[in-house]
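See below for the structure under consideration.
A short reminder: the numbers here are calculations on the coordinates, not readings from a lab. If you're wondering where the values come from, they're calculated on a predicted model, not measured in any experiment. Positions of Cβ are generated from backbone atoms using ideal geometry, with glycine treated the same way; all protein chains shown enter the neighbour counts.
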Amino acid sequence: MSAAVAYSSELSNDDLIVSESAQEVMKKLFSDVEDDDITSIRVFVSGGGCSGMTYGMTFTGDTGEYDKIMKFDGFEVAIDTVAYHYLQGVEIDYVETAPGSASFVFNNVFQATGGSGACGGCGGGGGCA
């Protein structure tokens, strides 16, 4: 008989990396929220198909029993268990791409799924990773 594995809701830097610049911006954004019901920044994954998964973030006041949580100074990040499998090894960074143009970027998004990050033109038939 095998022993049950305990579920841990705590995320570590081995699971998800949030760069210093991303942490600074997230903390500022979170501090600007005036709704006391907002408790976390939720990182999510959606979509799929030829261009791959879509990664994003939103504010949330709902965290579930099986959400993974990463605590920072002044805010926390929540990820549901499905998104967690696509986000293992991902780095969230905040970069300035041109003067006056900055955004969050998700690096290493194919580490967990083993995709190549390229699409050879599937013609809608699927199969791109």
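Across the range 16-107, the mean sequence separation of Cα contacts (distance under 8 Å, 6 or more residues apart), normalised by length, yields a relative contact order of 33 percent. Our estimate of slack between Ile69 and Ile38, defined as 0.36 nm per intervening residue step minus the Cα-Cα distance, is 9.7 nm. Here Thr81 and Val105 are evaluated by their C-beta separation; at R0 = 22 Å the FRET efficiency comes out at 0.40. Cβ crowding within 10 Å, taken as a proxy for footprinting-reagent exposure, orders Leu16, Leu29 from fewest neighbours to most as Leu29, Leu16.
Taking chymotrypsin sites (Phe, Trp or Tyr not before Pro) across the range 46-110, the ones in a DSSP loop with at most 12 further Cβ atoms lying within 10 angstrom of their Cβ are Tyr66.
As a proxy for reagent exposure, Glu96, Glu34, Glu91 were ordered by neighbouring Cβ count within 10 angstrom, fewest first; the result is Glu34, Glu96, Glu91. When Val90, Val33 are arranged by Cβ crowding within 10 Å, least crowded first, meaning fewest neighbours, the order is Val33, Val90. To the nearest 0.05, how large is the calculated FRET efficiency for Val25 and Thr60 if R₀ is 22 Å and r is the Cβ-Cβ distance? Here the calculated transfer efficiency is 0.80.
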